[in-house]
Every structure is written in structure tokens, then in C-alpha cells.
């Protein structure tokens, strides 16, 4: 099977970073808004906060992939 090109790897990483950040920011907004409205951080709200953290982690993981692609483009420096 053919390996993806650097441009394809960069595009895939950017899409995953963007998707992870959008999901995490939306869930963070939901959690903060509900907490400001007086809801306790428990149950579904706690789960939403944990999923938001997972979204930030997902984006950070693929940011590392993007950095590796950039290093390869520069010739391994």
C-alpha cells in the first residue's frame, strides 16, 4: 500500500487538529455556561468536561504529528 505524501499527512493532521479543537471548545463553552447558570459539575456535565479534555488531548496529539511533518519537510533538522 502506498504511503501518504507529506502534503496529505499535513492536511489530515490539520483537519484532525481543527476538529478536535472545535469539539473541545464547544463542549468547554457548554460546561462553563451551565456552571455559570448554577449547575453542579456532576453527571452529564462532568462527562462533557472530560470529553472536552479528551478533545484537547486529541488536538495536541495531532499537533505533534504536524510538527513531525514540518520537520520532515525541512529535511530532518
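Each row is one residue, and each column tells you yes or no for (1) touching a residue at least 24 places away in the same chain (Cβ under 8 Å); (2) farther than 17 Å from residue 57 by Cα; (3) in contact with a strand residue (DSSP E or B) (Cβ under 6 Å, 6 or more places away or on another chain).
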residue: 3; (1), (2), (3): no, yes, no
residue: 9; (1), (2), (3): yes, yes, no
residue: 13; (1), (2), (3): yes, no, no
residue: 16; (1), (2), (3): yes, no, no
residue: 20; (1), (2), (3): yes, no, no
residue: 23; (1), (2), (3): yes, no, no
residue: 38; (1), (2), (3): no, yes, no
residue: 42; (1), (2), (3): no, yes, no
residue: 45; (1), (2), (3): no, yes, no
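Among residues of the stretch 60-77 that are closer than 20 Å to residue 18 by Cβ, those with a beta-carbon under 6 Å from a residue that is modelled with pLDDT under 90 at least six positions away or on a different chain give the pairs 69/6; 73/6. Check whether at least one residue in the stretch 20-37 is part of a loop (DSSP other than H, G, I, E, B) and at pLDDT 95 or above, and report yes or no. Within the stretch 20-37 (the criterion being part of a loop (DSSP other than H, G, I, E, B) and at pLDDT 95 or above), the answer is yes, since at least one residue qualifies.
Could you list, in sequence order, all residues of the stretch 18-55 that are touching a helix residue (DSSP H, G or I) at 6+ places or on another chain (Cβ under 8 Å) and exposed (fewer than 12 other Cβ atoms within 10 Å of the Cβ)? 41, the sole residue that qualifies.
The values are calculated or read from the model by the stated rules, or taken from the named source; none is laboratory data. Bear in mind the structure is a predicted one, so any value in this text is a computation, not a measurement. Glycine gets a Cβ as well: all are built from the backbone with ideal geometry, and neighbour counts include every protein chain shown.
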